[in-house]
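See below for the structure under consideration.
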Amino acid sequence: MTRNVAIECFRSDTVVIKTKKRSDVRKIFSISFSKVDGSLFVSLPYFVTSKGLLSIATIPAGQTGGPVNLKPQGKCSSHNVKYAHHIDGEAHFSQTGKILTKVRRQSVPLRSNNGHIFTLLVQGLEHFEAADKAKDNAAPTKKRTNLTVDLENESPEAMKFVGHLFDGRLIGTMLKGEYPDRIGPILSYRIGEGEVMRGFCIGNPHDLVDQTLLLIRFQAIPRLDPNREAAMIFVGGFDPPQQVADPTQSTSMLALNYPAENFDELRSQLGNVDFVRN
């Protein structure tokens, strides 16, 4: 028999995810939902290097590993951007007044999405903006909540953050093992047959009836690129899960890579999406 499980979520206009390594606290990214229709935004303003490559990346049918070339559908930007995933599945990179919204694709409608929705990989935490302002360490309010991944004495070479979107009404059918009738907003439970999920549970603050539940998982990972001191890689806007899992089909997604190597040369080859005022 399926149990009804109440999910406690962090609900603020903006939720900022930070890391803490001893006394060094850094802002990594933020989450927000549209007041109009509940669209999801992942903002990436805190990386100190703003010259990057935005792209629609395609994995050919039959490829199960190895690098993916971002150049064929890539555009450069000299600004940090945000990722938007709209209710109808429209996904794109944007930044109001700074870039043109040209790197975009059709993904799965937001409320039909049940699982992986984005991954953010970061290397060189010291290259992200310090959380040293009063608002960065303030108590939660309706406008802002600060969530901290405490690394204690660890010094990870890189970090991985994964966003999973669920329908909160179905969570009772997915959890395995022993759990109470009310869980969250920090979760540590087994979902389905996979590994234990640990992370922050974030809900839409503008619609308490909306059952959209965003779980942000995090873990330390090995160094991403031995040739760079710092790096930020993001992927999202995926095809339907059945297409992604089918090795006989190609699959595409939105991707960004900061900093872009040989940026000026790359920009001359690919063009850019920077907004230019007349």
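For segment 135-144, the count of residues that are more than 25 Å from residue 231 (Cβ to Cβ) and either assigned to a strand (DSSP E or B) or of a type in the set (Asp, Glu) (or both) is nonzero.
Restrict the check to segment 19-32 and report whether at least one residue is in a loop (DSSP other than H, G, I, E, B), under 19 Å from the mean Cα position of the chain (by Cα) and surrounded by fewer than 21 Cβ atoms within 10 Å (Cβ to Cβ). Steps first, please.
Let us first name the residues in segment 19-32 that are in a loop (DSSP other than H, G, I, E, B), namely 22-23.
Add one more test, that the residue is under 19 Å from the mean Cα position of the chain (by Cα), and what stays is none.
No.
Per the conditions (1) touching a Ser or Thr at 6+ places or on another chain (Cβ under 7 Å); (2) farther than 15 Å from residue 27 by Cα, the sole criterion not satisfied by residue 125 is (2). Scanning segment 34-56 for residues that are closer than 16 Å to residue 233 by Cβ, of a type in the set (A, V, I, L, M, F, W, C) and part of a strand (DSSP E or B) returns 42, 47, 53, 54, 56. The condition (being within 19 Å of the chain's Cα centre (by Cα) and modelled with pLDDT under 95) is satisfied by just one residue among 177, 124, 115, 172: 115.
Go through segment 211-225 and report how many residues are under 19 Å from residue 116 (Cα atoms) and either modelled with pLDDT under 85 or in contact with an Asp or Glu (Cβ under 6 Å, 6 or more places away or on another chain) (or both). Spell out how you get there, then give the answer.
Just the residues of segment 211-225 that are under 19 Å from residue 116 (Cα atoms), to begin with: 211-221.
When the remaining residues are screened for being either modelled with pLDDT under 85 or in contact with an Asp or Glu (Cβ under 6 Å, 6 or more places away or on another chain) (or both), the result is 211-212.
The total comes to 2.
Answer yes or no as to whether residue 70 is farther than 24 Å from residue 271 by Cα and modelled with pLDDT of 95 or more. Against the criterion (farther than 24 Å from residue 271 by Cα and modelled with pLDDT of 95 or more), residue 70 does not qualify. For segment 57-86, residues that are outside any loop (DSSP other than H, G, I, E, B) and under 24 Å from residue 163 (Cβ atoms) total 10.
Checking each residue of segment 187-199 against the condition of being farther than 22 Å from residue 30 by Cβ, exposed (fewer than 12 other Cβ atoms within 10 Å of the Cβ), among the polar types (S, T, N, Q) and modelled with pLDDT of 90 or more gives no match.
Among the residues of segment 1-40, those identified as closer than 29 Å to residue 258 by Cβ and among the basic types (Lys, Arg) are 18, 20, 21, 22, 26, 27, 35. Look at segment 30-59: where a residue is at negative phi, no partner that is part of a loop (DSSP other than H, G, I, E, B) and of a type in the set (Phe, Trp, Tyr) sits 6+ places away or on another chain with Cβ atoms under 8 Å.
Would you please name the residue that is surrounded by the fewest Cβ atoms within 10 Å (Cβ to Cβ), looking only at residues in segment 247-278 that are assigned to a loop (DSSP other than H, G, I, E, B) and among the hydroxyl-bearing types (Ser, Thr, Tyr)?
Filtering segment 247-278 for residues assigned to a loop (DSSP other than H, G, I, E, B) gives 247-250, 259-262, 271, 273, 275-278.
Now restrict to residues that are among the hydroxyl-bearing types (Ser, Thr, Tyr): 248, 250.
Working: 248: 7, 250: 14.
Result: 248.
Applying the condition of being among the polar types (S, T, N, Q) and farther than 15 Å from residue 30 by Cβ to segment 138-168 and asking which residue is surrounded by the fewest Cβ atoms within 10 Å (Cβ to Cβ) yields 153.
Free of Cβ contacts under 8 Å to residues at least 60 places away in the same chain and surrounded by fewer than 14 Cβ atoms within 10 Å (Cβ to Cβ): which single residue out of 62, 66 fits that description? So that I can check it myself, show each step before the final result.
Working: 62 fails: free of Cβ contacts under 8 Å to residues at least 60 places away in the same chain.
Residue meeting the stated conditions: 66.
Of all residues in segment 69-88, those that are within 19 Å of the chain's Cα centre (by Cα) and free of Cβ contacts under 8 Å to residues at least 24 places away in the same chain total 1. Scanning segment 94-111 for residues that are part of a loop (DSSP other than H, G, I, E, B), surrounded by 15 or more Cβ atoms within 10 Å (Cβ to Cβ) and under 17 Å from the mean Cα position of the chain (by Cα) yields 103, 107, 108.
Which count do you get for residues in segment 115-148 that are free of Cβ contacts under 8 Å to residues at least 60 places away in the same chain, touching a strand residue (DSSP E or B) at 6+ places or on another chain (Cβ under 8 Å) and not hydrophobic (A, V, I, L, M, F, W, C)? Step through it out loud before you land on a result.
Looking only at segment 115-148, we keep the residues that are free of Cβ contacts under 8 Å to residues at least 60 places away in the same chain, and these are 133-135, 138-139.
Still in the running and touching a strand residue (DSSP E or B) at 6+ places or on another chain (Cβ under 8 Å): 135, 138.
Still in the list and also not hydrophobic (A, V, I, L, M, F, W, C): 135.
Here the count works out to 1.
The values are calculated or read from the model by the stated rules, or taken from the named source; none is laboratory data. All values derive from a computational prediction rather than experimental measurement. Neighbour counts run over all protein chains shown; Cβ positions are idealised from the backbone, glycine included.
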